[in-house]
Every structure is written in C-alpha cells, then in structure tokens.
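The values are calculated or read from the model by the stated rules, or taken from the named source; none is laboratory data. Remember, predicted model here, so these are calculated numbers, not experimental data. When we count neighbours, we look across all protein chains shown, and the Cβ atoms used for this are built from the backbone with ideal geometry, even at glycine.
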Amino acid sequence: MEHLSLIIGVVVVTALVFDFTNGFHDTANAMATTISTGALKPKTAVAMSAVLNLVGAFLSVEVAKTISGGIIDEGSGIRPEVIFAGLVGAIVWNLLTWLAGLPSSSSHALFGGLVGATLVSVGWGGVHMDAIAMKILIPAVAAPLVAGMAAAFATRLTYRLGARRSASQTARGYRAGQITSGALVSLAHGTNDAQKTMGVITLALIAGGSLAPDSDPPTWVIVSAALAIALGTYLGGWRIIRTMGKGLTDIQPPQGFSAQTSSATVILASSHLGFALSTTQVCSGSIMGSGLGRKGGVVRWGTAGRMVAAWGLTLPGAGLIAGASAFLADRGDWGVVTVAVLGIAACATIWAASRRNRVDHANVNDVDPATGLALTADEAVEPVTIPTPRTTSGPASQATV
C-alpha cells in the first residue's frame, strides 16, 4: 500500500510539472498578439494571463471528465506507472517544441503520451478510439479552420468599420480591445488546459483506488493544477510568443483584436461541450486568418508549414516517447526510476541548449528589418567584427555588424 501511495505521489508531482510546462508553452496563445503590437508590456501581459488562467481553472470540470474517463478505459487495468510514462512523454515533447519555438499542442502531447503508454502496457482495449476520434482528432482539424475563418471575417469587418477613422483615433480603442480579448483568451485557456492535468491526476487516483470511477476532480486537485499552470504562464514561453506574435504575420492592432476574440469564442464553446481541443491550434489558426483577412497582409507560410508539421508529429512523437517509457516502467521499480532519471536528464539537456540562444521579455519582439517578421533560430547570426580602413591619424579601428 505504501508503495502504491508513493507511485501515485510521483504521478501527481509529474502531472503538475506537465501543467507547469503547459503554462509557459501556451502563454503565447493568449498574449502573443498583445505583446507584438505593444498593447501591453511583456511582463505585464504574462502576469495578467497567469491570474486569469488561475481563475479559469475553477470555472468548469467538463474537459477534466473527458480526460479521466473519456479516452482511457478506467477499468482496463491502467496502473499509475502507465500514467507516469505518458506524462514523461508529454513533458519531453513540450520542451523539445519549445526549444524550437514551435507552438505545438500541449494537449495533443498529453493525449499522445497517455495513448502511447496505454497501448504498450495494456493494448488497444485500454483506449476508447471512438472518443479520441470525436473529441480530439475531429476538433483538431476543425477548430483551427473555424477560428481562422472567423478571424479573417472579423479582421475584414474591423478594418471596414474603422476605415473612416485615423490610426490615432482608433489606437486607444484597439489597445483596450486587445487587452480585453487577451484576458478572455487567458480565462478560456484556464477552463480548457488546466483541466487536462486535473483529469490526469483524477485518473491516477482512480487507477490507484483512491477515488471511485467517474469521480469529479477533488478540490485539492483543482487548486494545485490551477496554481501550476498559472506559475508556468507567468514565466512566459518567450520563444513561442516570438513565433506567434512576429513569425506568422505582421500583426497590427485590429488583427490582434480580431484574432484573440475569435480564439476565445472557439475555446469557450469547446470547453462548455467538453471538447479537449488544442488552444495552440485555435490561436495559431486565428493569427493566420487575421493575416489573410487584412488587405496586403502577409502570412509567413514557411513558419506556418513547420508549425503544422509539428502539430502532425505531436501525437505520434509524444506517444513514442511515452511508449518507450511505459516499456521500461513495466519492468518494475528499477524501470520507473530509470524513466525518471532519463526524463530529468532530457529536460536538463534541453534547458541547457536553450541558453545558447536566449529569448526573453527583452528581445521577444526582435524582428528582421527587411521583412518585419521574427527572426527564426536558423536566421539569427552572431555579431561579426570586421576591421575598418586604416586612417592616417591612428591605428585601424574595428566595427561590429
């Protein structure tokens, strides 16, 4: 019994670590456009987003129920070790895509991790494929398209309504609109993404016999998940904020307002229906739609293509990592310890790699002066020192470019 309690404790801690990575991975969803247009200062924006993510986590438990009893069969012999392996797969994938600055789906990383670990440990009988299709795969395709079309229409309408007014006349209104819509997206994100961790912890408690099947998340689970995602959000996933705010299109305040309003509407509607969709895909689709909706707008299709490729790889990628972790975890205590050590080592390696090309609140809005779009990692260059011509008045000097 003590051994089982220890494993459940490890799963709970790991789930909260995932929730933390979900927070900083998805900060861009709510605040990328607000930051890129200057409506709010970067640190102020992420602080506001963190508070509203915290509040949003308490508004509903419908998505948590989908996770705890929808995609994984609670009665199929799922053990806490399997859930632990799934979480490790999700965390590692989240950090890999964060390092690359790609706004992949934390939600799909979690789903892929849970499904991959379950398939290896239990088999196909442990997974509700119909629920995965209806509540994950179909929304994954439909949500960004719907959000994109809504944002394109809203952008065209916004520009048309403001056509007779000067930019100085509309600047204050758009700034207030962006702050309001960004706050709404943050609130919506809390109602959707924080609940996924609640659902995983609830699933672990059910698997360990601490809760009855079909139970709602206990209060302490809701509070801890809300705090973890809020803390992660406050730290800010600056790499992904740069990609979404400057890398997809040159966002102007009317576009930012339209994109965020469209995103919030889609996310809140899906949370009410219990669809555990990817808020990242919704917000990315809205940003691309806002680029298409503005006359003369530019969408950086190379960045968009890399991002969509990451979306497609997230479910199988996280699933493969989780499946390998489940294979080791099934070997016994030494396997669980090995998975934990390898997971920590992978996270430390990714963090160390991120320090070589650091992105934070001070340089998150840096752009290529030729295009006005964010510099990607492979486009960034180190300063090069070259000599200037020697003059008669003294020794040669140097210039940095």
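Brief remarks on what is shown
- Residue count for region 217-250 under the criterion of being modelled with pLDDT under 80 and outside any helix (DSSP H, G or I): the result is 5.
- Scope region 274-319; condition outside any helix (DSSP H, G or I), among the hydrophobic types (A, V, I, L, M, F, W, C) and more than 21 Å from S107 (Cβ to Cβ); matching residues: V298, V299
To keep it simple, each residue is scored yes or no on (1) more than 22 Å from A269 (Cα to Cα); (2) over 21 Å from the mean Cα position of the chain (by Cα); (3) at pLDDT 85 or above; (4) outside any helix (DSSP H, G or I).
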| site | (1), (2), (3), (4) |
| --- | --- |
| T118 | yes, yes, yes, no |
| A140 | no, no, no, no |
| R156 | yes, yes, yes, no |
| R165 | yes, yes, no, yes |
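- Looking only at region 64-75, and only at residues there that are surrounded by 23 or more Cβ atoms within 10 Å (Cβ to Cβ) and either in contact with a Gly (Cβ under 6 Å, 6 or more places away or on another chain) or within 17 Å of F20 (Cβ to Cβ) (or both), the one that is modelled with the lowest pLDDT: S68
- Options G236, G256, G209: the member that is more than 18 Å from S105 (Cβ to Cβ), out of contact with any helix residue (DSSP H, G or I) (no Cβ under 7 Å at 6 or more places or on another chain) and in contact (Cβ under 8 Å) with a residue 60 or more places away in the chain: G209
- For the condition more than 19 Å from T280 (Cα to Cα), part of a helix (DSSP H, G or I) and either of a type in the set (D, E, K, R) or under 17 Å from the mean Cα position of the chain (by Cα) (or both), R172 qualifies.
- Enumeration of residues in region 9-29 that are within 15 Å of R242 (Cβ to Cβ) and not acidic (D, E): F24, H25, T27, A28, N29
- Of all the criteria given as (1) in a helix (DSSP H, G or I); (2) at pLDDT below 90, the one not satisfied by A370 is (1).
Residue-by-condition table, conditions (1) touching a Leu at 6+ places or on another chain (Cβ under 7 Å); (2) at pLDDT 85 or above:
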site: H3; (1), (2): no, no
site: D19; (1), (2): no, yes
site: F24; (1), (2): yes, no
site: N29; (1), (2): no, no
site: G38; (1), (2): no, no
site: P42; (1), (2): no, yes
site: N53; (1), (2): no, yes
site: L59; (1), (2): no, no
